[in-house]
Amino acid sequence: MAIALWSCTTTSLSSALWSTVKLRYSQVSYRPIVSLHHKHARATSNPHSPSPSSSKSNTQQKKKKQSKDERGNAVKPQPASSYKGFGIPRKDKDPVFDSKDQQVEPSNIQNAAFLNAVVKVYCTHTAPDYSLPWQKQRQFTSTGSAFMIGDRKLLTNAHCVEHNTQVKVKRRGDDKKYVAKVLARGVDCDIALLSVESDEFWREVEPLRFGRLPHLQDSVTVVGYPLGGDTISVTKGVVSRIEVTSYAHGSSDLLGIQIDAAINPGNSGGPAFNAQGECIGVAFQVLRSEDAENIGYVIPTTVVSHFLSDYEKNGRYTGFACLGVLIQKLENPVLRTYLKVKSNEGVLVRRVEPTSDANNVLKEGDVIVRFDDVRVGCEGTVPFRSNERIAFHYLISQKFPGDTAELGIIRAGTSMKVKVVLNPRVHLVPYHIDGGQPSYLIIAGLVFTPLSEPLIEEECEDTIGLKLLAKARYSLAKFEGEQIVILSQVLANEVNIGYEDMNNLQVLKFNGTRIKNIQHLAHLVDSCKDRYLCFEFEDSYVAVLERKAAATASSCILTDYGIPSERSPDLLKPYVNSLEGDPSAEKEFGDIPVSNYEIGVDGLFWA
């Protein structure tokens, strides 16, 4: 079953508009909780602006549900990174809590000072039109929540300000809105950092203090501006689970706090407090299922600390690191004996991503038994606080891009140690488009664009085709910068007669040369001196154009269809072959399939 992540932005409409974000491999569907204004918005496939027909598909998805795979148990947390300016706990504070602090409820939460640091976010979104990549969709608005964290900064969810053209915030009890600027956006961790220049906005208010990772059954209070009214809302519950969780917006797996407090559209980006009035995380998604009730999720302060420390260190957000291996659990004693693993530990390496540094160090059949001297159990878990275990890749998520990890491995019965540089994962088909606007190239009416998850969502899976869809879902990038370039559609003209019905086909070669990405295709076309332009597609399709006739017809086609340029701005820059000398990029390459069990099945998972 699919799990739908809901993002909470509030809407002024009488009916709530829920958005379903499809997880690439997950068996469960979560929903980011964002509530939307659609005063003028037409129906789109944007996750924040579903069309009326999408509610039907959402219902069908909910009927397909299964229980969410419990990949993680509970890893001994690393100390929170020092981030004094934003109020993150310092490294010298022990994050392990074996004894609970005394719980003290505020005598009157309505007058609690920390509520004044929670603000309402008004965002105007203008998403790209991925099917017509030279233009944007009609704008729509949404509302969410944010809170002050010190150093004149605000924290909210990335999905609350996705494709933003204007962001405004309003304080509690105020009737004035202030313009905010997005400083950084972390898609994989669903966190965004905002700033407000106005001095008046920051007067007589204290930023929130961050607390430590809570325990099970600790009380939690969620504050925000969900649908149902315009004023601040407070809901209470307890912490029901702490484990590695699927983040719907970024299709990533990071530490998450599960709570039973009510979280609704508009709560996205709002803080969750412990009994001492300290912020223990950011509300960001809920689980909607007929078999589940009151399941909401909070981004913990450990993930927030990683995001803020990354931004402080680099001046921008660089992401979470990835080991880049598909691993299998080793619960079966015969399998361990076969692999010459003497103790009840370790996970088996089944596949290594070609773009990861691990590809130079690890081999299929290696058994990882230690990560930075932390013992990895046969279920793929590591110790976490007292009497708890958590998924092995929690340790990886504590690293920053460029960090080095020391792995203890067993290879053919021999124990050894190797070092691996960790970097963000390279996705063959991206979940989000950097810069907000997709690349495109129009040649004699043939529209080429890279395949992306938003394009698949907009085109609908039925029109993409099973072969291309399977490649998008289960293939790995063989080198950094690789793209699946498709012929999106053909703009009918005399020069392309007979090709009008071709659409959503992967282009493999141009004049016999294998295409690496859309920049490479544009370079090949621009430098072509041959009489003909020959495009070879998947399933043996071919399209041939006369070069001079194609060049002559291009301006007429652009005028007829009201297109401002034959290519996106990024393709106007001189081509730089960053892959020169990379044998994996130059050779005749085929697909590297990924198992159906990449995520969501108990035996195999990516680290």
Exercise. In what sequence do SER251, SER142, SER268 fall when counting other Cβ within 10 Å, fewest first?
Worked result: SER251, SER142, SER268
Exercise. What's the local net charge at PHE537, with K and R +1, D and E -1, over the other residues with C-beta under 14 Å away?
Worked result: 0
Problem set entry | Added length on full extension, which subtracts the Cα-Cα distance from 0.36 nm per residue, ASP501 to TYR338 | 53.3 nm
Exercise. For the peptides 181-191, 432-442, what is the packing order when you average, over each peptide's residues, the other Cβ atoms within 10 Å and list the highest mean first?
Worked result: 181-191, 432-442
For this session: Given the peptides 278-287, 466-475, arrange them by the average over their residues of other C-beta atoms within 10 Å, most packed first.
Result: 278-287, 466-475
Exercise. For GLU500, GLU293, what ranking results if the residue with the fewest other Cβ atoms within 10 Å of its Cβ goes first?
Worked result: GLU293, GLU500
Problem set entry | Mean Cβ neighbour count within 10 Å, used as a protection proxy, ranking 126-133, 487-494 highest first | 126-133, 487-494
Seminar exercise, completed: Counting only residues 5 or more apart in sequence or on a different chain, those whose built amide H sits under 5 Å from that of ILE280 are GLY211, ALA272, PHE273, ASN274
Problem set entry | LYS181 versus SER195: modelled label distance in nm, points set 7 Å from Cα along the beta carbon direction | 0.5
Problem set entry | Relative contact order computed over the stretch 259-358 (Cα-Cα under 8 Å; 6+ residues apart), in percent | 19
For this session: State the extension gain, in nm to one decimal, for the chain segment bounded by ASN577 and LYS548, taking 0.36 nm per residue of separation less the distance between their alpha-carbons.
Result: 7.8 nm
Exercise. For the stretch 277-299 and the stretch 370-448, what is the separation of their Cα centres, given in Å?
Worked result: 25
Seminar exercise, completed: Beyond 25 Å (Cα-Cα) in this structure, taken from LYS136/LYS516; LYS153/LYS176; LYS136/LYS529; LYS340/LYS417; LYS120/LYS399, we find LYS136/LYS516; LYS136/LYS529; LYS120/LYS399
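Computed from the coordinates by the stated procedures, all read-outs in this text should not be read as laboratory data. Just so we're clear, the structure is a prediction, and the values are computed from it rather than from any experiment. Virtual Cβ from ideal backbone geometry, glycine too; neighbours counted across all protein chains shown.
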